[in-house]
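Let me begin by presenting the structure, written as structure tokens, before commenting on it.
Every number here is computed from the coordinates shown, using simple stated rules; none is lab data. Fair warning: this is a prediction, and the values are worked out from it, not measured in the lab. Glycine also receives a Cβ, built like all others from the backbone with ideal geometry; neighbour counts cover every protein chain displayed.
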Amino acid sequence: VSTMPLYLSGMVETLKLLGISLFFGLLVALPLGLMRVSKRPWVNFPAWLYTYVIRGTPMLVQLFLIYYGLAQFEVVRESFMWPLLSSATFCACLAFAINTSAYTAEIIAGSLKA
């Protein structure tokens, strides 16, 4: 009973991550899905490559690359984005949104091709 507030705060944080990631993932997925059904190779190929690479790597690897990998570059640490990129919550939202966008783009493209 004494740990219930911790569980509730964790649930709220999880729901925030979910909502933000789904929103931004869908914003990116809609144009990507439309690009995937294009008959022009210069439009289709970048979207295909993005979905192929993102869907082909585990999300945990993507999380590690964003959170730990970007910090290895001094240019990133000195940029205006560093306060955001040093936040674990922002990096998690970014990784989840990127992953969601790739999978959702394929769903959208498949539904448009059907």
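With respect to the chain, whose longest principal axis is taken over its alpha-carbon atoms, helix 4-36 is tilted by about 20°.
Given in Å, the Rg to one decimal and the Dmax to the nearest whole number for the Cα atoms of segment 66-109 are 12.8, 38.
Positive contributions from Lys and Arg (+1) and negative ones from Asp and Glu (-1), summed over other residues with Cβ under 15 Å from the Cβ of residue 31, come out at +1.
Across all directions of projection, what mean area in square nanometres is found for the Cα convex hull of the chain?
Working: hull surface 38.2 nm².
About 9.6 nm², averaged over all directions.
Per-residue extension of 0.36 nm, minus the Cα-Cα distance of residue 112 and residue 39, leaves a gain of 25.0 nm for this segment. Computed from backbone phi with θ = phi - 60° and the Karplus coefficients 6.51, -1.76 and 1.60, the 3J(HN,Hα) list for segment 64-70 is 5, 5, 6, 7, 8, x, 5 Hz; x is used for glycine and proline. Charge tally around residue 49: other residues with Cβ under 14 Å, Lys/Arg +1 each, Asp/Glu -1 each, net +1.
R0 = 25 Å: FRET efficiency of residue 6 with residue 64, Cβ-based, nearest 0.05?
Numbers: r = 26 Å, r/R0 = 1.03.
Computed FRET efficiency for residue 6 and residue 64 comes out at 0.45.
Return a whole-number percent for the relative contact order of the chain, with Cα pairs under 8 Å and 6 or more residues apart as the contact set.
Numbers: 99 pairs, mean separation 51.2, N = 114.
Taking the mean separation of contacting Cα pairs over the length of the chain, I get 45 percent.
Treating the angle as unsigned and between 0 and 90°, give the value, to the nearest 10°, between the Cα long axis of helix 41-56 and the longest Cα principal axis of the chain. Between the helix axis and the principal axis of the chain, the angle is about 40 degrees.
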